[in-house]
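All of the numbers you see were taken from the coordinates with simple rules; none came from a lab. For clarity, every value in this text was computed on a predicted model and none was experimentally measured. Methodologically, a virtual Cβ is constructed for each residue, glycine included, from the backbone with ideal geometry; neighbour enumeration extends over all protein chains shown.
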C-alpha cells in the first residue's frame, strides 16, 4: 500500500511540474498564418554550374510563380532543395536514362512562441526523371553477395535480380487530365511527353516466368523446383497473356494471366518502364518525366487535417492552385 501511495504522489508531482511546459508547448504550437515569409532556394543543392540543377531550378521557379502559396509565402519560410539518387546501380539499368532527383519544399512555420519550426516541418515533394515512382512499389530482391558468392557470378546474379526488380504492378487508370498529364489510382499523377512511346509497357506471364527462372537458378535454388512445377501447369496461351499480380496457387511465380483468370482483378497489371520512352537525343539532364502525389481528398478530410494541425495540407494547396494541364509544359521535348 505504501509503495502504491508513493507512486501516486510521484505521478501527481510530475504532472504539476510538467503543466507549465505543456501549456507553453500548446501556445508555441499556435501557427501565425499572416506573418510574411521568404522563398529560400538552397544553394548547396542548386549548383549553377550543373545543367541538371539549372533545369530543376527552372521547375522550382515555375511553382514559385504559379502557386499563390509559394509566390507570396505567409506563415512560413519556404525552403527549396533537391535530393538525388543518381547511384551506379540505378544508372546501369537499361530503363533509366534521365538523371533523377526529388524536389523538396519545406514549409518552416512561424509560431507565436517558440520561433520557427525547422525540425520536421510540413513538407511537399515530387520526383523528377524517376522510373521507380508513380506506380506500385518495385521489389528489392537481393543480387550477388560478396560474402558467399563466386566473383564470376556477380554480373549474372545482379542482372537476374535487376530484371525482376524492374517489374511493378500499376494502379488502375483513372483519367487523362490533358495530353501528357495522366492520373492513376492511389493519387499517382504522371507528367510525360505524349509524343514518345508509352512510358510503361506490359509484361507477359512468360517473361515473368523466364526472369524468375534465371533468378532462382542462380540465387534461390530451393524454390526452383516449385517454380518449374507452377510454370509447367500453364498453357501456351496463358504464358503469352499479360501478367497480373498475385495468384492463390502459384505462390512462387505469383502472377496470373488475364486471359483465363480474372479472380484477382485488383492485383494490378505487371509493367516495366520502357527504355524507349526516353528521348536520348536530349542530354540526361533534361527533364522528361515527373511524378506527383495527387490524392484528390474530400473537403471533410482537409477540414479535419486543419482542425487537428492548425495548418493546411500544403501539397494539396499547391496542386489545387495550379492548372494541372500546364504541368505538361515542364517536360523538355527538344534541344
> Hey, rough spin-label estimate for residue 297 and residue 38, points 7 angstrom out along Cα→Cβ, what's it come to in nanometres?
Replying inline: 2.9 nm
> Over the stretch 135-197, what relative contact order in percent results from Cα pairs under 8 Å that are six or more residues apart?
Replying inline: 28 percent
> If each residue's Cβ is checked for other Cβ atoms within 10 Å, how do 235, 291, 302, 147 rank with the fewest at the top?
Replying inline: 147, 235, 302, 291
>> Run the simple label-point estimate for residue 71 and residue 248 please: 7 Å along Cα→C-beta, distance reported in nm.
In response: 5.6 nm
> For the stretch 53-148, what's the radius of gyration and Dmax over Cα atoms, in angstrom?
Replying inline: 17.9, 58
> For the stretch 138-273, what class follows from the C-alpha gyration tensor (a ≥ b ≥ c being the square roots of its eigenvalues): rounded when a/c is under 1.5, otherwise prolate if a/b is larger than b/c, else oblate?
Replying inline: oblate
> With contacts defined as alpha carbon pairs under 8 Å and 6 or more residues apart, what's the relative contact order of the stretch 56-117 in percent?
Replying inline: 34 percent
> Per residue and in cubic angstrom, what volume does the convex hull of the Cα atoms of the stretch 203-335 have?
Replying inline: 224 Å³
